[in-house]
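Heads up, the thing below is written out as structure tokens.
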Amino acid sequence: MEIIREVNEMRNIIKLLKQGQKKIGFVPTMGFFHDGHLQLMKKAKKENDTVVSSVFVNPLQFGPNEDFDRYPRNEEEDIRKAEYVGVDFLFIPPLDEMYPQKMQITMTINDRIDVLCGKARPGHFDGVITVVTKLFHITQPDQVYFGMKDAQQVAVIDALIHNLNFSISLIGLPTVREEDGLAKSSRNVNLSKRERAQANWLFKALKHGHQLVVDGEFNPAIIIKEINNIISNNTDGKIDYIEVLSYPELKPVSDMNQQVIIALAVQFERARLIDNLLLNEDGDIIRFWKQEESQ
């Protein structure tokens, strides 16, 4: 595995790979790898000739009161794990490589952001599409891999690829979970012991919501209320949102007879956790999501 820190060096490598007609799979991350990241890399390894992953904590997607400085980092361990799963090139640019000067072009997304995490984080997804666009241009991937834990981000990247005509296939992989169901996240290390013991109720609540659909409940308001009650009664966390929306459009729905996402966010003292389930029109859980399904 080669570690690349300069944009021009990464671009030159990609140029040679393209000349050799190599199929490139790309896994963009902010580092502090857990099993979720590694599953993305393993999947990319199976489906491409070359795997490129990036580690870059992007300041543009953090608000003034968010946890940019506290975001967990462990470059040495990230390098070890990426090499172990077979990543070919790990792109770790310093801040001044990605943003050598103040951006003179502002990217803004106008849809799929007024719900879920985007509602409380103005400007967050503008920062996401800015850095992802830069990374797409640098790495020129054929396929890009994201985890469905952050399903709103996947929906935003879907819009980015379509609207800007990137020749990239977007693949969303299932959320990787701890044994008790908690979605794996770099932020889980910030949970206290008591909070960690409570956190598995988020997934239990989502599964209850899914069971309601299986049992014939099609009213989103009732499903949301039931999920709210479970989390409120079993955790100390503050519920940020619980929403049922169409996917990937992320629009309000009046019934469950369509592809929908049941998503939630809960704020604990030092960690904000998100989770979701994606259901098809028959109420079955969708594990893998591919871009073609939104076309």
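Things to note:
- The ranking of 145, 84 by Cβ neighbour count inside 10 Å, starting from the fewest, reads 84, 145.
- Fewest-first ordering of 289, 201 by other beta carbons within 10 Å of each residue's beta carbon gives 201, 289.
- Sparsely packed loop sites in region 227-295 (the GluC sites (Glu not before Pro) outside DSSP H, G, I, E and B with at most 14 other Cβ atoms within 10 Å) comprise 269, 281.
- Here region 2-173 is described by how far its Cα atoms reach on the three principal axes: 42, 34, 33 Å, from widest to narrowest.
- Loop-located GluC sites (Glu not before Pro) in region 114-211 (DSSP state other than H, G, I, E, B) with a sparse environment of at most 16 neighbouring Cβ atoms within 10 Å: 178, 179.
- The alpha-carbon of residue 23 sits under 27 angstrom from the alpha-carbons of these lysines, leaving out residues fewer than 8 places away in its chain: 15, 42, 43, 45, 46, 81, 134, 149, 290.
- Cα centroid separation - region 192-210 against region 155-176, whole Å: 28 Å
- Alpha-carbon gyration tensor eigenvalues x 5, square-rooted, for the chain, Å: 32, 21, 18
- Considering all C-alpha pairs of region 173-295, those separated by over 19 Å amount to 46%.
- The listed peptides 252-265, 24-37, ordered by packing as a protection proxy, come out as 24-37, 252-265 (highest mean of other Cβ atoms within 10 Å first).
- Taking amide H as placed 1.01 Å from N in the peptide plane, the amide H of residue 240 sits under 5 Å from that of 265, 266, 267, each at least 5 places away or on another chain.
- Separation of alpha-carbon centers, region 224-265 and region 11-71, rounded to whole Å: 29 Å
Every number here is computed from the coordinates shown, using simple stated rules; none is lab data. Worth saying up front: this structure is predicted, and the values here are computed from it rather than measured. Glycine also receives a Cβ, built like all others from the backbone with ideal geometry; neighbour counts cover every protein chain displayed.
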